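K.L.:
Dropping the structure in here first, questions after.
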Amino acid sequence: MPKKRLYIKTFGCQMNENDSEKVFLLLADEYELTSHPEEANLILINTCSVREKPQHKVYSEVGRYKELKKRKKNLVLGIMGCVAQQEGEKLLDRLPYIDLILGTQGFYFIKEALKTLEKEKKPVIITELKPHFIPPLVLSNNTSFSSERVTAFVTIMQGCDNFCSYCIVPYVRGREISRPPEDILKEVETLVKSGVKEVTLLGQNVNSYGKKEKDFPDFAELLRMISEIEGLWRIRFTTSHPKDLSEKLIQEIAENPKVCKHLHLPLQAGSNRILKKMNRKYTKEEYLAKVERLRSLIPQIALTTDLIVGFPGETEEDFKETLEMLETIRYHEIFSFKYSDRPFTLAKGLSEKISEEVKERRLAEVHRVQEKITQEIYQSYVGKEVEVLVEGLSKKSSSFLTGRTTTNVIVNFSSPRLDLKGALVKVFIEEAGKHSLKGRYLETVKI
């Protein structure tokens, strides 16, 4: 019997990408993936609500399938993820033609939801957030989004206990829950056996892994355990909260050769006054001290960050302090956003909202400053040799290969051989682009 077809559209972070993959793995016995929604028997939209813009994109995306749903009577249309968790049953008022609403824990019950839908012929909604919910182990069976992957995501924990005043995550992902280390190790081992050479460990705050669970390792210890898996070459992780970046973890990053020398460390703002209003639980001086410690032990480390401009009450002086932090720290890359009110959050009720015009200007200024810094950093790679894990053919040219350095910089390079996917190679850097490097193959280090 031929398999049904599944189309998944994913918005948002790497954890959403990983959740979409889990959904497919849960359904892989009955469904195969399609990249054409009109061919699908089941369409799932995995959603993000961390900011207003991606949430609006979700409504637009779902609206595209209204006519298709009318034409295909047996088509099942579902919304999963953060918007599903946030809005729940209210989604039916705006989108009455959807069949499934599965929250950030609910998507694990996709098979049961489909059976209930078939039986009861009415929308199925699963949005309960259980405080002690342990995400089940969902193993890859070599039937994944892309065959012969070199890199993969592994969620090690979900939820957040920090309650930053602007952030909806604790309300749509729930409290922090760490997965059992034995499940994580088994998942990584399975991925490595399928050809994966690099894993990225995911969590809203990976630094607090294991803190609430009895007899769990802490995050530094988990990194050490994972690094002992034979055949795994590299480990990355995101996201780290600065307040929980311990000396022990800094030492592990420095000393463990498998841990990549790149750290995503969200700053959010450069003003202590705004950091306090954001409930970030650190000062800019404490943040700078941790950066200084990282660079003293790992001189080559690449730092990236998140920034929010236009937080309620942010003055020109506050904003100037953010620009000064950019110049002082010199990140490889930044991810910067205009503040937007989110449901349930404390900041939504704050006065002194910043106009869109001012937010636009400040965001443009952040981009201008950072683009110059990024270009200078990337230019410093020119004339040097770097180690690159080859991920496959370059999207820009089929005669080039592409991969990343340990510092997470994309490198496109020429090579006499194009069959080096999954190899660790040395590349001589000849040019610096806006967000990537260009070079030529020198030799293979490991294959």
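The values are calculated or read from the model by the stated rules, or taken from the named source; none is laboratory data. In this text the structure is predicted, and so the values were computed from the model without any measurement. Quick reminder, even Gly has a Cβ in these numbers, built from the backbone with ideal geometry, and neighbours come from all protein chains shown.
K.L.:
Considering only segment 1-38, state which residues are buried (at least 17 other Cβ atoms within 10 Å of the Cβ), assigned to a strand (DSSP E or B) and acidic (Asp, Glu).
P.N.:
The answer is none; no residue qualifies.
K.L.:
While we're here: If CYS167 meets every condition in (1) within 16 Å of the chain's Cα centre (by Cα); (2) surrounded by fewer than 19 Cβ atoms within 10 Å (Cβ to Cβ) apart from one, which number is that one?
P.N.:
So CYS167 meets the others, but not (2).
K.L.:
Going by what's in this entry, would LYS359 be described as of a type in the set (Lys, Arg), touching a Gly at 6+ places or on another chain (Cβ under 7 Å) and within 30 Å of TYR339 (Cα to Cα)?
P.N.:
Criteria met by LYS359.
K.L.:
I've got another one for you. Can you find a residue in segment 245-260 that is among the acidic types (Asp, Glu), outside any helix (DSSP H, G or I) and assigned by TED's automatic domain parsing to the domain that holds SER165?
P.N.:
Within segment 245-260, none of the residues are among the acidic types (Asp, Glu), outside any helix (DSSP H, G or I) and assigned by TED's automatic domain parsing to the domain that holds SER165.
K.L.:
Continuing with the same structure: Go through ARG342, ARG362 for me and flag whichever is of a type in the set (Lys, Arg), in contact (Cβ under 8 Å) with a residue 40 or more places away in the chain, assigned to a helix (DSSP H, G or I) and surrounded by 16 or more Cβ atoms within 10 Å (Cβ to Cβ).
P.N.:
Step by step, each of ARG342, ARG362 is checked, and only ARG362 is of a type in the set (Lys, Arg), in contact (Cβ under 8 Å) with a residue 40 or more places away in the chain, assigned to a helix (DSSP H, G or I) and surrounded by 16 or more Cβ atoms within 10 Å (Cβ to Cβ).
K.L.:
Same structure again: Output the residues belonging to segment 324-339 that are surrounded by fewer than 18 Cβ atoms within 10 Å (Cβ to Cβ) and either at pLDDT below 95 or within 21 Å of GLU285 (Cβ to Cβ) (or both).
P.N.:
Listed by number, the residues that qualify are GLU324, GLU327, THR328, ARG330.
K.L.:
On to the next question. Among the candidates GLN370, GLN379, GLN375, single out the residue that is touching a Ser or Thr at 6+ places or on another chain (Cβ under 8 Å) and either under 20 Å from ILE334 (Cβ atoms) or among the aromatic types (Phe, Trp, Tyr) (or both).
P.N.:
Among GLN370, GLN379, GLN375, only GLN370 is touching a Ser or Thr at 6+ places or on another chain (Cβ under 8 Å) and either under 20 Å from ILE334 (Cβ atoms) or among the aromatic types (Phe, Trp, Tyr) (or both).
K.L.:
Filtering segment 406-415 down to residues that are without any contact (Cβ under 8 Å) to a residue 60 or more places away in the chain and out of contact with any Gly (no Cβ under 7 Å at 6 or more places or on another chain), which residue is surrounded by the most Cβ atoms within 10 Å (Cβ to Cβ)?
P.N.:
Going through the qualifying residues, I end up with ASN412.
K.L.:
Which members of segment 62-105 meet the condition of being acidic (Asp, Glu), surrounded by 15 or more Cβ atoms within 10 Å (Cβ to Cβ) and part of a helix (DSSP H, G or I)?
P.N.:
Of all residues in segment 62-105, those acidic (Asp, Glu) come to 67, 87, 89, 93, 99.
Narrowing the set further to residues that are surrounded by 15 or more Cβ atoms within 10 Å (Cβ to Cβ) leaves 87, 99.
Hit for segment 62-105 is GLU87, nothing else.
Let's see how each residue does on (1) over 25 Å from the mean Cα position of the chain (by Cα); (2) among the hydrophobic types (A, V, I, L, M, F, W, C):
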| site | (1), (2) |
| --- | --- |
| THR315 | yes, no |
| GLU324 | yes, no |
| PHE344 | no, yes |
| SER351 | yes, no |
| LEU363 | no, yes |
| VAL369 | no, yes |
| VAL382 | yes, yes |
| LYS421 | no, no |
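K.L.:
While we're on this one: Kindly indicate the residue of segment 347-359 that is of a type outside the set (A, V, I, L, M, F, W, C) and under 15 Å from GLU52 (Cα atoms) and also surrounded by the fewest Cβ atoms within 10 Å (Cβ to Cβ) among those meeting that condition.
P.N.:
Looking only at segment 347-359, we keep the residues that are of a type outside the set (A, V, I, L, M, F, W, C), and these are 348-349, 351-353, 355-357, 359.
With under 15 Å from GLU52 (Cα atoms) added as a condition, the list becomes 348, 356, 359.
Details: LYS348: 15, GLU356: 11, LYS359: 20.
Only one residue tops the list, namely GLU356.
K.L.:
Shifting gears a bit: Does LYS57 fit the bill of being of a type outside the set (Ser, Thr, Tyr), in a helix (DSSP H, G or I) and modelled with pLDDT under 95?
P.N.:
yes
K.L.:
What number goes with the only condition from (1) at pLDDT 95 or above; (2) farther than 27 Å from CYS13 by Cβ; (3) not aromatic (Phe, Trp, Tyr); (4) not in a helix (DSSP H, G or I) that LEU303 does not pass?
P.N.:
LEU303 satisfies every listed condition except (2).
K.L.:
Every residue in segment 281-325 that is over 15 Å from LEU363 (Cα atoms), touching a strand residue (DSSP E or B) at 6+ places or on another chain (Cβ under 7 Å) and of a type in the set (Gly, Ala, Ser), please.
P.N.:
Within segment 281-325, just ALA302 meets the criteria.
K.L.:
Take GLU182 and decide whether it is free of Cβ contacts under 8 Å to residues at least 40 places away in the same chain, within 23 Å of the chain's Cα centre (by Cα) and either buried (at least 17 other Cβ atoms within 10 Å of the Cβ) or closer than 30 Å to THR402 by Cα (or both).
P.N.:
no
K.L.:
Turning to a different aspect of this structure: Return yes or no: is THR47 without any contact (Cβ under 8 Å) to a residue 40 or more places away in the chain and under 18 Å from the mean Cα position of the chain (by Cα)?
P.N.:
Yes, satisfied.
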